[in-house]
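Below is one structure, written out as structure tokens; the observations come after it.
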Amino acid sequence: MNLDDALRTFIAESRELLQEMEDALLRIEQSPGNEEVINAIFRAAHTIKGSAGLFGLDHIVAFTHVAESVLDRVRNGELQVDGRLVAVLLSSCDHIKELIENLAAGGEVSQEAKARGESIVAGLNSYLGGGAATSSKAALPVETSAPCTTQGGGEVETDLWHISLRFGRDVLRNGMDPLSFIRYLGTLGDIKHIVTLLDGIPRAAEMDPEACYLGFEIGFKSNASKAEIEGVFEFVREDCQIRILPPHSRVSEYMQLIADLPEKDMRIGEILVKCGTLTQSELDAALQAQQVSDEAKPHRPIGEVLVEAGVVQKPVMEAALDKQKQVKEQKAAEANLIRVDADKLDTLINLVGELIIAGAGTSMIAQRSGISELLEATATMSRLVEEVRDSALNLRMVQIGATFNRFQRVVRDVSKELGKDIELVISGAETELDKTVVEKIGDPLTHLVRNSMDHGIEPADVRLARGKPAKGTLTLNAYHDSGSIVIEVSDDGGGLNKERILKKAIERGLINEDHNLSEREIYSLIFEAGFSTAETVSNLSGRGVGMDVVKRNITALRGTVTLDSEEGKGTTVRIRLPLTLAIIDGFLVGVGSAVYVVPLDMVVECIERAAWENAGGDGRYLNLRGEVLPYMRLREHFEIEGEPTRRENVVVVRYGEHKAGLVVDRLMGEFQTVIKPLGKVFSKVNGIGGFTILGSGEVALILDVPGLLGQVAAHCGSMAIEQTV
Amino acid sequence: MNISVTNDNGVCHIGITGEMNIYFASQMKEKLVSAMADSKEIEINLAHISEIDSSGLQLLALAKREAAESGKPLHFVSHSQAVLDMLDLCNLAGVFGDPVVISSAHA
């Protein structure tokens, strides 16, 4: 097995678990009693510790263990969740993250990281009742062999496991039956000897018929591992006293067992002999040795053991059922996911793209041939290829919810920093988008969120004076719209001040004093480099280097960003991104001898131009059933030679709230296509966003609809559209 | 589940029919204890016990012990297959001390 691969998987999984842990910790602050969330936190820490142990990463194990112990106490209801505890746990989470990243980078843990770790451990320890980190009170104590001193001889002869069971009072009430555990144990091996202890049953008057008083001592022959045997009693281990001694354990361990069990020592001893676990001579030797040591030091009170088992009341049934469900769900969830190399996925999508083009070629030939069977066959093939394409693209889609959730932490930390009370509301978390887009959207979103929190939302007293609730609200919203995904960052803060922006813009010479700008245009000014109306510069924002970078990042993703604001009420920043970067459904149009592709998502309808011959308008607008529709002739725009055909067609396209008509010669139907990027030479060409290869081998240019719409608007002098390249 | 109690000359015959499990445990205990209180000798017929769980086992054990302590003889007879299986699993055939009749059906 390649350890490196395994290690990489461990690192990736740990990162995910840490993210889950952080999300859960943030949630627990809002709902402290929520058991499900507490369990999620515990599970995350526990899993990381376990896996780290597999790789021998002792420093991670040691640190995580302390955190896990604290979490166990929380889980048991021994600790209350408060802000301070959450803060300590969050810093533990951060520290583990640091250790993992360190591991990934392959470096040594730095001194300061170590120091940080130690101070966090001190903080955690204060929750454990001081002293060295005690191990959690989980049952199934396995006796690590203490250095063998005077207590009896070496190992016992028997090759049997010895299992000692004292079932808790509520086992039956919780829907379980000791007998079924015994039966199940029998499937893992051979129960050579079993002694059933009925001593626990009290007098008739006190005996509760629904309580369980049974105990068992078992001599068990099996090749199963200790973990597997422990696993048999998984659902009762929290309430019952269970001791498992492997074959050939030390006599001292048996002595400990004898001492710990509630029944009389002699009796236990006899039982052990009956079970074949100890031979008579071993027992005698053991008891003798014990007597000696008894005189030397006080015998460990057996009552203590009983108290430990009996007093700790937990909602066992719920925990057991919950756990059962969790284990099942976890197994199911794990079974349903596969880790795939992103490169392999890209190769697949490329191949699918080529397949689409080849398929289109075949369809064209089929059409020309006119053979109906062939046409049918190619139609079927096209349909299947389309489905393959959709599936392949879907593989790259991830929900934006994960990204949004990360902002819980950001909002929490920043609000504390700013001393403002801000709540984050998330909607549309299930909206999916391409994986690469998700990765690149993180930074711009972070900046926008910080901006809203720093400049948008006013301090509590100002808000109250304005009649707003003291708690500010920051909303992250995402939804699909005509082939794009829209992400909105809104706040209910003070909004943008138009006058201030104008003033600053004039100051910086960006516009002239008498320049008449629409509201949108004014707001868009803040995207200019170096622009800031902030009176105070914090380390978060205000320097004026943020918004233009945001805009640039978004444009690099072929998206657009706009602002909507109302003074005193709030601001919304709207980011619009294309859903897919690779393959699109297109609509072919022909102008002269050239062929263009219009993204099908943006096509609203197609109409014959002739219908407007007498419609009026001044040559710049069409009357579309009462709606004003600006239009452009592609022939003019792309300066295509030749005469226009007599029957022109208009393709009405839409992007966001803007509509326009594109006048073309021919409509040539739907066409799925792979977007191939234009080379650098063509990057300045307006209105073209890529090209593709038709089935015939011809090249068709893909129209950049947002860009064209922008130009149409500019021509017609209407409101400025989202700034695009 | 059904418990039939008949008194025959001071000897109490208790017959248990059906499932002797947690659902009927409370009921069972009451009946057993009261039946035993009123008699000098007890015989419990297990032939028609279709199912028995830990609570059932505990009650049988309780009955036996209470009887022994008050000096009353108590016998278990006609162990059904379910009871036999349970005694076998727990290695309690000896403890319950009564001649366990192994019918020819039991291989």
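The values are calculated or read from the model by the stated rules, or taken from the named source; none is laboratory data. What you see is a predicted model, and the numbers here were worked out from it, not measured in a lab. Counting neighbours? That spans all protein chains shown, and the Cβs are built from the backbone with ideal geometry, glycine included. For accessibility, only protein heavy atoms count, side chains too; no ligands or nucleic acids. Shrake-Rupley method; radii C 1.70, N 1.55, O 1.52, S 1.80 Å.
Taking every residue in A:174-180, how many Cβ atoms of other protein chains lie within 10 Å of its Cβ, on average?
Counting other chains' Cβ atoms within 10 Å and averaging over A:174-180 gives 4.
Given the whole protein assembly as supplied and a 1.4 Å probe, what does the accessible area of A:His46 come to in Å², nearest 10?
90
What are the residues of segment B:1-50 that lose 50 Å² or more of accessible area, with a 1.4 Å probe, going from their chain alone to all protein chains?
B:Ile22, B:Lys29
In what sequence, highest mean first, do A:370-379, A:559-568 appear when ranked by Cβ atoms within 10 angstrom?
Highest-to-lowest ranking by the protection proxy: A:559-568, A:370-379.
Too long at a 19 Å Cα-Cα cut-off: which of A:Lys97/A:Lys551; A:Lys344/A:Lys435; A:Lys498/A:Lys569?
Violating the 19 Å Cα-Cα cut-off are A:Lys97/A:Lys551.
Would you please classify the overall shape of segment A:1-136 from the alpha carbon gyration tensor, given that a ≥ b ≥ c denote the square roots of the eigenvalues, rounded means a/c under 1.5, and beyond that prolate means a/b larger than b/c while oblate covers the rest?
Prolate, since a/c reaches 1.5 and a/b exceeds b/c.
Determine ³J(HN,Hα), in whole Hz, for all residues of segment A:444-461 in sequence, where each value follows from phi through the Karplus function 6.51 cos²θ - 1.76 cosθ + 1.60 and θ = phi - 60°; x replaces Gly and Pro.
The phi angles translate into x, 4, 4, 5, 5, 4, 4, 4, 4, 6, 6, 9, x, 7, 7, x, 3, 5 Hz.
Tell me which residues come under 5 Å, amide H to amide H, from A:Arg633 once H is placed; ignore anything under 5 positions away on its chain.
Hits under the 5 Å cutoff: A:Val663.
Leaving out ligands, DNA and RNA, and with a 1.4 Å probe, what % of the accessible surface on segment A:342-396 is carbon or sulfur?
60
Mind listing the phi-derived Karplus ³J(HN,Hα) values for segment A:370-379, rounded to whole Hz, using 6.51, -1.76 and 1.60 with θ = phi - 60°, and x for any glycine or proline?
x, 6, 5, 4, 5, 4, 4, 4, 5, 5
For A:Asp177, what accessible area in Å² do you get when you roll a 1.4 Å probe over the heavy atoms of the protein chains, rounding to the nearest 10?
30
How would you classify segment A:342-396 from its alpha-carbon gyration tensor, with a ≥ b ≥ c the square roots of the eigenvalues: rounded for a/c under 1.5, else prolate if a/b is greater than b/c, otherwise oblate?
Because a/c hits 1.5 or more and a/b exceeds b/c, segment A:342-396 counts as prolate.
Output ³J(HN,Hα) for segment A:625-641: one whole-Hz value per residue in order, computed from phi by the Karplus curve 6.51 cos²θ - 1.76 cosθ + 1.60 with θ = phi - 60°, and x for Gly and Pro.
6, x, 9, 7, 10, x, 8, 9, 9, 4, 4, 5, 4, 9, 6, 8, 6
Calculate the mean, over all residues of peptide B:52-63, of how many other protein chain Cβ atoms lie within 10 angstrom of the residue's Cβ.
6
Rounded to the nearest 0.05, what FRET efficiency do A:Cys606 and A:Arg508 have when you use their Cβ-Cβ distance and R0 = 41 Å?
For R0 = 41 Å, the calculated efficiency reads 0.35.
With the contact rule set at Cα under 8 Å and sequence spacing of 6 or more, what percent relative contact order holds for chain B?
25
Evaluate the charge dipole of chain B about its Cα centre and quote only its size in Debye, nearest 20, assuming +1 on the Cβ of each Lys and Arg and -1 on the Cβ of each Asp and Glu.
With Lys and Arg at +1 and Asp and Glu at -1, about 180 debye.
Rounded to the nearest 10 Å², what accessible area does B:Met86 have for a 1.4 Å probe in the complete protein model?
My reading of the accessible area for B:Met86 is about 0 Å².
Could you state how much accessible area is buried at the B-A interface, both sides summed, with a 1.4 Å probe, in Å² to the nearest 100?
Adding both sides of the contact gives about 2000 Å².
Ranking request for peptides B:49-58, A:640-649: highest mean number of other beta-carbon atoms within 10 Å first, then the rest in descending order.
B:49-58, A:640-649
Rounded to the nearest 500 deg cm²/dmol, what is the calculated helix-only ellipticity per residue at 222 nm for chain B, with -39500 (n - 2.57) per DSSP H run of length n ≥ 4?
-11500 deg cm²/dmol
Using only the heavy atoms of the protein chains and a 1.4 Å probe, how would A:Glu528, A:Glu430 rank by accessible area, largest first?
Descending order: A:Glu430, A:Glu528.
Give, ordered by residue number, each residue of segment A:188-206 whose 1.4 Å probe accessible area is reduced by a minimum of 20 Å² on adding the remaining protein chains to the chain alone.
A:Ile194, A:Thr196, A:Leu198, A:Ile201, A:Arg203, A:Ala204
Given H placed 1.01 Å from N in the peptide plane, which residues other than close sequence neighbours of A:Lys192 have an amide H under 5 Å from its amide H?
Under 5 Å from the amide H of A:Lys192 lie the amide H atoms of A:Gly219, A:Phe220, A:Lys221, each far enough along the sequence or on another chain.
Relative to the longest principal Cα axis of chain B, at what angle does helix B:25-37 sit, 0 to 90 degrees, rounded to 10?
The answer is roughly 50 degrees.
Quick one: which residues, 5 or more positions from A:Thr473 or on another chain, have an amide H under 5 Å from its amide H? H modelled 1.01 Å from N in the peptide plane, none for Pro or chain starts.
Placed amide hydrogens put A:Glu423, A:Asp492 under 5 Å from A:Thr473.
Compute the acute angle (0 to 90°) between the alpha-carbon long axis of helix B:81-90 and the principal axis of greatest extent of the alpha-carbon atoms of chain B; round to the nearest 10°.
Once rounded, the angle reads 80 degrees.
Keeping every protein chain in place, order A:Lys221, A:Lys498 by accessible area at 1.4 Å, biggest value first, i.e. largest first.
Accessible-area ranking of A:Lys221, A:Lys498, largest first: A:Lys221, A:Lys498.
Put simply, what bits of segment A:210-253 lose 50 Å² or more of accessible area when the other protein chains are there, versus the chain on its own (1.4 Å probe)?
Flagged in segment A:210-253: A:Glu210.
Is segment A:399-578 rounded, prolate or oblate when judged by the Cα gyration tensor, a ≥ b ≥ c being the square roots of its eigenvalues, rounded requiring a/c under 1.5 and prolate requiring a/b larger than b/c?
Note, shape of segment A:399-578 comes out oblate.
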